[in-house]
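These notes concern the structure reproduced below.
The values are calculated or read from the model by the stated rules, or taken from the named source; none is laboratory data. Just so you know, these numbers come straight off a predicted model, no measurement behind them. Cβ coordinates were reconstructed from backbone atoms using ideal geometry, including for glycine residues, and neighbour counts include every protein chain displayed.
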Amino acid sequence: MTKHDATFLRHFSMIIAGLMVFTVFLILFANYIYAGFTAAESADGPSERQVAQMAKVDERLTPIGGVYAGETGRAAMLAAAEAARAAAASKVAYGGTLDGSVIYGNLCGACHNAGVGGAPKMEMAAWNARIAQGMDVMVRHAIEGFQGDGGIMPARGGNPSLTDEQITVTVQYMVDTLQ
């Protein structure tokens, strides 16, 4: 072994030893930091803070959309739609009131008073053709939504928590107001 090789091996060994010491330091430092962030669960379960943190993480990890393929995908899509419908049904709009004037004043009037988006204003001339179609058609268009030459009627007036009964009484209120 030459003097040059011995010098290289000594320097290489010092570098390896230094890296090992640095690694041990990093491990100890990481353990010190980690110990400050972990809180032991009590016998009662996780603390309120931990539950809130877990809820935030779950919310961030929730997928934005879904991919449905084949028959199992179709079943999953139908189940998701039913769950959304049930969730919307549990939150009835305007306290479940069946007073058409209240619903019209809070929701429908925003478009129908000013004719926004092609909505027919509350004038008999704008409603004659619609009334001629019958209440069933007008209620169905209000529930399902409708897009015609004159404009767009969003489904349930844009409020999915309206019940069919609420929509029916509101359409009836609007027709009665015109006559």
Has segment 95-103 got any residue that is charged (D, E, K, R) and either within 22 Å of residue 166 (Cβ to Cβ) or touching a residue at least 12 places away in the same chain (Cβ under 8 Å) (or both)?
yes
One residue is enough: does segment 120-134 have a residue meeting the conditions exposed (fewer than 15 other Cβ atoms within 10 Å of the Cβ) and in contact with a His (Cβ under 7 Å, 6 or more places away or on another chain)?
yes
Taking segment 98-119, which residues are within 16 Å of residue 168 (Cβ to Cβ) and surrounded by fewer than 15 Cβ atoms within 10 Å (Cβ to Cβ)?
98, 99
Single residue of 103, 33 found to be of a type outside the set (Phe, Trp, Tyr), modelled with pLDDT of 90 or more and assigned to a helix (DSSP H, G or I):
103
Are any residues in segment 55-93 surrounded by 10 or more Cβ atoms within 10 Å (Cβ to Cβ) and within 20 Å of residue 159 (Cβ to Cβ), and if so, which ones?
81, 82, 83, 84, 85, 87, 88, 89, 92, 93
Inspect all residues belonging to segment 68-87 and state whether any of them is over 30 Å from residue 171 (Cβ atoms) and in a loop (DSSP other than H, G, I, E, B).
yes
Report whether or not residue 176 is over 27 Å from the mean Cα position of the chain (by Cα) and surrounded by fewer than 15 Cβ atoms within 10 Å (Cβ to Cβ).
yes
Positions within segment 112-160 being among the charged types (D, E, K, R) and assigned to a helix (DSSP H, G or I), in sequence order:
130, 136, 140, 144, 156
Residue check: is residue 47 of a type in the set (Ser, Thr, Tyr), in contact (Cβ under 8 Å) with a residue 40 or more places away in the chain and surrounded by 11 or more Cβ atoms within 10 Å (Cβ to Cβ)?
no
Subset of segment 79-137 [within 22 Å of the chain's Cα centre (by Cα) and of a type in the set (Val, Ile, Thr)]
92
Expected output for segment 55-70 (first residue closer than 15 Å to residue 81 by Cα, partner at pLDDT 80 or above, Cβ below 6 Å, 6+ apart or cross-chain) is 68/76; 68/77
Of 95, 109, which residue is closer than 23 Å to residue 178 by Cβ and either modelled with pLDDT of 85 or more or part of a helix (DSSP H, G or I) (or both)?
109
